[in-house]
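The values are calculated or read from the model by the stated rules, or taken from the named source; none is laboratory data. Model, not experiment: these values are computed from the prediction. Every residue, glycine among them, receives a Cβ derived from its backbone with ideal geometry; neighbour counts consider all protein chains shown.
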Amino acid sequence: MLGGTFDPIHNAHLRVAWEAAEFMDADVRLVPANVPPHRDQPVATADERARCVRAALAGQQRLMLDVRELGREGPSYTVDTLVELRAEIGDDRALVLLVGSDAFAGLPSWHRWREMFDLAHIGVLTRPGHDGALPTELRTKIASRRCPNALALRDSPAGRVLPIPVTPLEISATQVRQLLAQGRDPRYLVPEALFADSRLLAPYRTTSAST
Ligand code: ATP
């Protein structure tokens, strides 16, 4: 799973998720957060963001939209989602939480973060602009968990950490929102499908510049 605010989804989300899927030979679920706990609240509603993700994913089978967090009240804690997914797939199957390297460095601020290692592996997607520095408690936690390759992830259901090298794409949703708020088009930073229906990006065009 790749969780995120997806406010809105952009081409780097799609490309890194795609490359991770190929790297692991697995499908990837994109899981938009309803109420992201670690940041300012999104510009678009959860439904609006999910609609953009759905449009962006049309025409392929490997990446899927998973709306489970949209139905949950309160902060969308990733650990709760992992508990649900683990219950669905059983105890033995490997489950991988994908996070960008920037998000991974902030893991110790996530709710019940240590438990996540009991529920899933963590695949860390390289992201330009992040130097890879990790806080000491995270470095200590993962010291014995580093996984040599994607195949080895299948040997256990959870607990390993695997760097996943992906094409460096310096695109952020912040940049996309800023362009839209300035009345400019984020053409080629977001998938073409988001322009096909003028309602999809409308929430960003009508707000003032937001970071
Ligand atoms: P914002 O600019 O609003 O903070 P964002 O572009 O970081 O948004 P999120 O929805 O917060 O997008 O990201 C979801 C996940 O995708 C996070 O784990 C994040 O690190 C990862 N991610 C986002 N953009 C990239 C990128 N360009 N390269 C690699 N990973 C990325």
>> Could you tell me how many of the residues in the stretch 172-185 are within 12 Å of the ligand (Cβ to nearest atom) and crowded, with 21+ Cβ neighbours inside 10 Å?
In response: 3
> If Leu85 passes every condition in (1) within 13 Å of the ligand (Cβ to nearest atom); (2) buried (at least 17 other Cβ atoms within 10 Å of the Cβ) but one, which one does it miss?
Replying inline: (1)
>> Within the stretch 57-71, does at least one residue satisfy the condition of being within 16 Å of the ligand (Cβ to nearest atom) and in a loop (DSSP other than H, G, I, E, B)?
In response: yes
>> Just to verify a result, which residue in the stretch 136-161, among those that are basic (Lys, Arg) and surrounded by 13 or more Cβ atoms within 10 Å (Cβ to Cβ), is nearest to Met24 (Cα to Cα)?
In response: Arg154
>> Looking at the stretch 1-12, I want the residues that are under 15 Å from His38 (Cβ atoms) and in a loop (DSSP other than H, G, I, E, B) and have a partner that is within 6 Å of the ligand (Cβ to nearest atom) and hydroxyl-bearing (Ser, Thr, Tyr) with Cβ atoms under 9 Å, at least 6 apart or on another chain. Which pairs are those?
In response: Asp7/Thr174
> Got at least one residue in the stretch 34-45 being modelled with pLDDT under 95, closer than 27 Å to Gly129 by Cα and either among the aliphatic types (A, V, I, L, M) or more than 16 Å from the ligand (Cβ to nearest atom) (or both)?
Replying inline: yes
> Arg54 is checked against (1) basic (Lys, Arg); (2) more than 18 Å from Arg127 (Cα to Cα); (3) in a helix (DSSP H, G or I); (4) within 9 Å of the ligand (Cβ to nearest atom) and fails just one. What number does that condition carry?
Replying inline: (4)
> Which of the residues spanning the stretch 21-38 are of a type in the set (A, V, I, L, M, F, W, C) and buried (at least 22 other Cβ atoms within 10 Å of the Cβ)?
Replying inline: Val28, Leu30, Val31, Ala33
>> Six or more apart or on different chains, Cβ atoms under 7 Å: show the pairs whose first residue is in the stretch 41-52 and under 16 Å from Ala181 (Cα atoms) and among the charged types (D, E, K, R) and whose second is modelled with pLDDT of 95 or more and surrounded by fewer than 22 Cβ atoms within 10 Å (Cβ to Cβ).
In response: none
